[in-house]
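Notes follow once the structure below has been shown.
The values are calculated or read from the model by the stated rules, or taken from the named source; none is laboratory data. Since the structure is predicted, the reported quantities are computational estimates derived from the model, not experimental observations. When we count neighbours, we look across all protein chains shown, and the Cβ atoms used for this are built from the backbone with ideal geometry, even at glycine. Side chains are part of the model used for accessible areas, which takes the heavy atoms of the whole protein and leaves out ligands, DNA and RNA. Shrake-Rupley method; radii C 1.70, N 1.55, O 1.52, S 1.80 Å.
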Amino acid sequence: MVRHFLDLYRLTPADLRAILDDARDRKAARQGWPKGRVDADAPARDHVLAMIFEKNSTRTRFSFDAAIRQLGGDAIIANASDMQLGRGETVEDTARVLSRMVDAVMIRANSHEDVVRFAQASSVPVINGLTDKSHPCQIIADLMTIEERLGPISGRTLAWVGDGNNVCASLIHAAPLLGYQLNIACPADYHPDLFDLQRGGNYVSLGSDPEVAVEGADVVITDTWVSMGDQDHEARLHAFEPYAVDDRLMSLATDGAIFLHCLPAHRGEEVTDDVLDGPQSAVWDEAENRIHAQKAVIAWCLRG
Ligand code: CP
Ligand code: NVA
């Protein structure tokens, strides 16, 4: 069985825990090392990862490239628009060809369905590097950051404020696996997918009041109000105005609560400078942890 990493709800709790523990251990084992040094066990030695991007990326692109190098492997990176994929070659044929040339593929795609189809035709592991529906790699880094700052996440309360988007979906998917409570506050027109809410079950609550969601939360998380591919820019800015995370909102969370944002941030929209740059913000650790998280995901895929 090829081990794809497409969505967190497809993992067992033990798989997710193993990935988080490996990410933590790999980070600890290389404290003070230069970023290009290869991990002692080099689990991706002799392996090549292909990365395909249909959308822009800074963190995912650099962290995956750094990750595969630290694991002892190599990367080939391409924008989809430069590939025959961009001229109509099918997803399936692309998957069949790349399966003969590389050992794993990471894809950032417009359509989630395309990544699922790619995986179905691929004989090597496929990793979802963000789609319109989910962003599981981001949430591995987020969960890792939360446990780094606050200890075990089980029993903690997380508040998601803003758009019920792809990042929110992956945060929902992990809630039943790890046993945290997720309070979501978003405008009615921008709530998460109903299938995803079902996947979250009793671990997820949905409302429209940011103060209710944040009250007593250990972690406050938001994301851009306009994701890549969203068309209704003006309508979104208007609808999300009451959902900005500022110091007043953060003051309703627990003492010691942390703030997370997958980045890129739109300062002055979904979050104020004071919060993003303030003492509760863990966003730079969160961004760094993309490398450690990605390494654990790649290693998990290759172990399969
Ligand atoms: N958070 C995240 O995925 O960032 P990039 O879009 O820069 O990859
Ligand atoms: N929700 C954002 C995340 C970017 C990392 C988007 O899809 O554009």
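Miscellaneous remarks
- Counting only strands (runs of 3 or more DSSP E) that sit wholly inside region 156-264, not one has at least 2 residues that are exposed (fewer than 15 other Cβ atoms within 10 Å of the Cβ) and out of contact with any strand residue (DSSP E or B) (no Cβ under 8 Å at 6 or more places or on another chain).
- For region 57-76, the candidate set comprises residues that are in contact with a helix residue (DSSP H, G or I) (Cβ under 7 Å, 6 or more places away or on another chain) and not polar (S, T, N, Q); within that set, the residue that is nearest to ILE127 (Cα to Cα) is PHE64.
- Exactly one residue out of LEU130, LEU143 is more than 12 Å from ligand 2 (Cβ to nearest atom), of a type in the set (A, V, I, L, M) and in contact (Cβ under 8 Å) with a residue 24 or more places away in the chain, and it is LEU143.
Matching residues to (1) closer than 28 Å to ASN110 by Cα; (2) free of Cβ contacts under 8 Å to residues at least 40 places away in the same chain; (3) away from ligand 2 (no atom under 16 Å from the Cβ):
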{"position": "LEU177", "(1), (2), (3)": "yes, no, yes"}
{"position": "ALA185", "(1), (2), (3)": "yes, no, yes"}
{"position": "ASP193", "(1), (2), (3)": "yes, no, no"}
{"position": "ASP223", "(1), (2), (3)": "yes, no, no"}
{"position": "ASP232", "(1), (2), (3)": "yes, yes, no"}
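- Out of ILE140, ILE153, sole residue that is at pLDDT 95 or above and either part of a helix (DSSP H, G or I) or on the phi > 0 side of the Ramachandran plot (or both): ILE140
- Given (1) under 22 Å from the mean Cα position of the chain (by Cα); (2) more than 19 Å from ILE139 (Cα to Cα), index of the condition TRP33 fails: (1)
- Meets criteria (assigned to a helix (DSSP H, G or I) and either within 16 Å of ligand 2 (Cβ to nearest atom) or modelled with pLDDT of 95 or more (or both)) for ALA44: no
- Whichever residue in region 70-87 is in a helix (DSSP H, G or I) and crowded, with 20+ Cβ neighbours inside 10 Å and, among such residues, is nearest to ligand 2 (Cβ to nearest atom): LEU85
- Against the conditions (1) without any contact (Cβ under 8 Å) to a residue 60 or more places away in the chain; (2) under 18 Å from the mean Cα position of the chain (by Cα); (3) more than 16 Å from ALA296 (Cα to Cα); (4) more than 16 Å from ligand 2 (Cβ to nearest atom), SER99 satisfies every one except (2).
- Yes/no for GLU269 being touching a helix residue (DSSP H, G or I) at 6+ places or on another chain (Cβ under 8 Å), in contact (Cβ under 8 Å) with a residue 40 or more places away in the chain, within 14 Å of ligand 2 (Cβ to nearest atom) and open to solvent by 10 Å² or more (accessible area, probe 1.4 Å): yes
- Selection within region 44-64 - more than 11 Å from ligand 1 (Cβ to nearest atom), buried (at least 18 other Cβ atoms within 10 Å of the Cβ) and within 14 Å of ALA299 (Cα to Cα): ALA44, HIS47, LEU49
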